[in-house]
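**Q** My questions will all concern the structure given below.
Taken together, the values in this text are just the output of simple stated rules run on the coordinates, not laboratory data. These figures come from a predicted structure and were not determined experimentally. Cβ placement follows ideal geometry from the backbone for every residue including glycine, while neighbour counts extend to all protein chains displayed.
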Amino acid sequence: MEIKVKKKLSENILEKISIDFLRNQVLKNAYGNDDTVIAKLDPRILLVWYLFVGLVPWFVNDLWFLMACFLLVLVTTKLARVAGLVLLLFAVGVFTQTGYLLIVSLFFGGNASTVMPLLILTLKVATCSLASITVFSGLDPDRLSNGLMWFGCPERLSFSISYAYRVLPMLMEEFQNILLSYRMRGNPPEHETFTGKVKYLFYQVKVIIHAFYPLMLNTAKRSRTTVEALEIKGYRYAAVNKAVKKMKLSTLKVTYNDLLFLAVSFLWIALSILASVIF
Amino acid sequence: MNIIEIENLTYSYPAAKSPILKDISLQVEEGDFLAVVGNNGCGKSTFCKTLNGLIPHFITGDFEGKVMVGGLNTQESDVGTLACKAGYVYQDFENQIVRPTVLDDASYACLNYAMEDYRERGLEALSLCGLQNREEDYIWQLSGGQTHLLALAGAVSLRPDILILDEPIAQLDPGHADKIYGVLKDLNEKQGKTIIVIEHHTEYIADYCKHVMLMKDGKIVWKLPTDEALRRVDELKECNIFPPQVTIAAHRMKTEGRLPQEQPLPTTVREGKEAFQALKYKASSASKRSEGGQSEPVVSFRDVSIAYRSVKGDDRMVFDRLNLEIRRGEKIALIGSNGAGKSTLMKLMVGLLKPSEGDIILDGENIRKKKTENLSQKVSLVYQNPEEMFIKDSIKADISYAMQVRHVENYQERTQKLLERFRLTELQERDGRLLSGGQMRRASLAIGIALNPGILLLDEPTANLDIATRKEIMQTLSDMKDITETVMIATHDMQLVCEWAERILVLNQGKVVADGTRDEIFGNQAVVETVGIRPPEIFSMGQALNEKALCYTVDEFMQSFVEA
C-alpha cells in the first residue's frame, strides 16, 4: 500500500501534474470564466458580499445559519465555474484542517456533543474558503483590482494583482522549459525499486529547486524592458494622478443583476435566521 | 521641417569608461522613413532611447549636447510628454505588454496620462495596426506577429508623430514581417508619421525605407537616401551589414567587369530586372542532388495526433493523424508560419510531449514507453531561446552536465574539445545568459551535441541574430554536418534553408503540405503562395529574369546568368 502511494507521488510530481497543466489551470481560473453570472457582477457588490459571508460565520455558532451560508457559497462557487485544481486544493485544505478530526471522532465513539463543535468549525472554514474562491477566482483579476481600488486600496496593489496574472503564465512557461532541459540532459536515479523511488522523489524535488536559479536570472533579464516600458506608458504618473483613478473606476456600474444577487443572498440568510428562531 | 534635431550629442552610460554616443549631429525631416544600421554594439539602441527621453531621464549618465524632438528639448521635458511625441517598440516586445487583454494594453498609456478618450484612442490605434476585432482577446491568444502589432498599437495610441522600432521583424516569419512593414508604410504615408527602424534586413530597407543612417563606434558615418546608401556595398560590408543580394550580385559583376561601370547598382528585384536584362540564362547541370539511395528510417510518425489544452472551449488540435518518415543522415529543414506546429513536432521527437494518439518509432522502438532521459543519447533538441538551456552557472558546466551525470569517460576532455570547436574556450567560466547573441547560440549548440546524439533538432537557430552573426552560425552548422548524422532545423530563414538543407518539409496548419528538395519546393508556385514562403531575394531575381532559373545563392546566380 505504502509503496503504491510512494510510486504515485514520485511519478506525479513531474509527469502527471505537469507545469503545463498548472499553467492552464491558473489561466482558466483567472480568465477562463469571464462569462459566468458571478464574473458579470460589480466587484464592489461582490466584495461587500464577501465581507459578510467571509467574516460573519466566524462569530456565529448557530448551525442553521452556518448551513445556510455554506449552501449559499456552494451555489456561488458552482456559478463561478471554478477550475478543478482550485477545488481540489480546497477539499484537501479543509480536510487536513478540521475534516479529518470530524471523521476520526466519529470512528472513535464520538457522539453529538463531540461531533457538533467540529462540524461547526468545519462549516466555518469551508464557508470562508468557498466565499474567497468565489470572489477571487470568479472575478477576473482586473475587475477585482478595480473593486479593491474603489475601497481605497493603493493603486500599486491593484496593479500588482493584474500584472502578476499577466506574467504568471510567462513565468510558468519559462519554468517548464528549464525543467524540460533538466529532463533532457539530467540522469535521474533508476526508480524500479522502493529505495530507487524515494531517491527519484528527492531528485525531482532537487531539480525543481535548482531550476529556480536560471528562472530568476532569465526573469531579471526580461524585466528590464518591462520597467522601461512602464515608465514610457506613464505608470508612475498615473499613481499620483487622482483623475486617472476616477477614470478607471468610472467603468464600474451597479446593475439590476447585482441588486438581485444581493437580495437573494439576503433573503436566504434571513430565512435561515428565521428557521433557527422557530426551531 | 525637421522633426528631430540633434546637436553634438555625447552620452556615456553610468560607470562606463568611454562614451557610447560620440558627438552626434543629425536632422530628420518630418514624414521620413529612416533605417538605422550598424554593427552590434555601435550604439543604435542607445541612440533611439535618447529620442524618447528615457535617456537622460530614466537612465542617467553623462549627457552633453542638445536633442530636440518635435520642437521639445528632451532635457527640459519629462518622459511622459516625450512619450506623446515619440513612441518606442522594443526588440523583445513581448515584455513591453503589461495588461492581460488587447484593448486594455493598447489604451493603457492613454489612461495613465489621464486622457478622457483613452478607449477611443486604443480602438483607433488597434485598427491602424490591423488588430480590429481582436479587442477583447487575451494577449496569449495572439501570435508573435500580432503581439508585435499590439506593442506598436500601444505606442500609436498616444498619437506620437514619431515611431521608433528596434528590429521589428527579427523573430517573425516572412508573412508576419510583410504585415508589420505594410502597417508601418500605412502609418508613414497615410498618417504622416515619421518612422525610425533599427533594421538588419536590407531587403526590407530597400522596399520600404526612404533614408538610411549608418552608425559606427557611436558616430554617424552618413545619412543618405536608401538607393544611394545600399549601393555603398564595401562600406556596409565593413560594418557587417549585408546589402540586398541583388545589389551584391550586381556589385560583384561590376568588379568583374561584366556590367557597365556607369550603371547604378540595383537594390530591388524590380530595378534588378532592368540592370540584368542584358544577361542570358545558362542552365547549369551542377544542381545539388541528395546522393545515395534511401537509407533506413530513424524516426517514423504513425497517425500521430496531439492537442493542446486551451483556456476556454475545445482543445486546440495541432496534429491530426500525422504521418512522416525521417531517414538516417538526412539534413532536413522544417518550414511553415508561426504556429504551424514546428516546435511541437520536435518536442514529440524528444519525448517532451506525448502524442494523444498514434506512435512515434525511434530506431525501431516506440518512444511512448521510453523515458525522456534515455532518449537524449539518441535525440537532442536545442531550444529557440538559448537562455532556457543554461541551467548551470557557467557554460563549461552546462556543456559537461549531461555527460557528467551519465558518467561519460573523459567528459572533461570532451568538454574542452567542444569548447574549442565552438570557439568558447575563453568564455568557459561565464554564465551563458551574459554572452552575446552569437556566443549564446554557439554555446547552446555545444550543449546540444554533447552526448553525441544521432539526431539533432534545432529550433530557429538563427532567429534574433544580426546578419553577420547569422552567417557565422550558418557556417558553424555547415561545419557540424560531418559530426552529426541526422539533423532537422525549424526555421524561417530561407537563406539557411537553401544553402544548408537537402530535404525541406513544409508544415501548414498541422499538415505536411510539401516535402522535397529545394527545387521541388521553391519551384512549385502553388506551394510558395499557399504557405506564404518568401524565397531568398536572389532566387526571386533569377525567376524574374527567367522562369527556368533556380539559383539560391549569389554564387549560383553569377554562374547561371552570363553575358549574351
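**Q** Relative contact order for chain A: what is it in percent, counting Cα pairs under 8 Å that are at least 6 residues apart?
**A** Numbers: 230 pairs, mean separation 85.7, N = 279.
Relative contact order here is 31 percent.
**Q** What does the convex hull of the Cα atoms come to per residue for region B:521-564, in Å³?
**A** Residue-normalised Cα hull volume stands at 64 Å³.
**Q** While we're looking at this one, here's another question. Taking the Cβ of A:Arg44 as the centre, find all other residues whose Cβ is under 11 Å away and add up their charges (Lys, Arg: +1; Asp, Glu: -1). It would help to have the intermediate numbers written out before the result.
**A** Working: positive: A:Arg143, A:Lys253; negative: A:Asp42, A:Asp258.
Around A:Arg44, the surrounding residues sum to 0.
**Q** Specify the residue with the greatest mean-square fluctuation among A:Ala229, A:Ala131, A:Ala83, computed from a Gaussian network of chain A linking alpha-carbon atoms under 10 Å apart.
**A** With Cα springs under 10 Å in chain A, the top fluctuation among A:Ala229, A:Ala131, A:Ala83 is at A:Ala229.
**Q** Once you average over the residues of A:262-271, how many Cβ atoms of partner chains fall within 10 Å of each Cβ?
**A** The per-residue average across the peptide is 0.
**Q** Can you pull the mean other chain C-beta count within 10 Å for peptide B:364-375?
**A** Counting Cβ atoms of other protein chains within 10 Å of each residue's Cβ and averaging gives 2.
**Q** Here's a follow-up. What order, most packed first, do the peptides B:130-142, A:169-181, B:348-360 have when packing is the mean number of other Cβ atoms within 10 Å of each residue? Provide the component values of the computation, followed by the final result.
**A** On the way: B:130-142: 16.5, A:169-181: 20.3, B:348-360: 18.8.
Final packing ranking: A:169-181, B:348-360, B:130-142.
**Q** Could you state the number of Å between the C-alpha centres of region A:51-73 and region B:496-564?
**A** Using only Cα atoms to place each centre, the spacing works out to 72 Å.
**Q** Please identify the helices of chain A, taking whole runs of DSSP H, that span at least 30 Å along their own axis as judged from the Cα atoms and have a mean Kyte-Doolittle score of 0.5 or higher.
**A** Sorted by number, the helices that extend far enough and score high enough are A:112-138, A:256-278.
**Q** For peptide B:384-392, what's the mean number of Cβ atoms from other chains within 10 Å of each residue's Cβ? It would help to have the intermediate numbers written out before the result.
**A** Values: counts 1, 3, 0, 8, 12, 7, 6, 12, 3.
Per residue, the average neighbour count from other chains is 6.
**Q** For Cα pairs less than 8 Å apart in space and 6+ apart in sequence, what is the mean separation divided by the residue count of region B:286-438, i.e. the relative contact order in percent? Walk me through the intermediate numbers first.
**A** Values: 174 pairs, mean separation 29.0, N = 153.
Once normalised by length, the contact order is 19 percent.
**Q** In the protein assembly as shown, what % of DSSP beta bridges are antiparallel (nearest 5)?
**A** Percent antiparallel among DSSP bridges in the protein assembly as shown is about 55.
**Q** Whole Å is fine, so just give me how far the alpha carbon centre of region B:176-215 lies from that of region B:18-78.
**A** 19 Å
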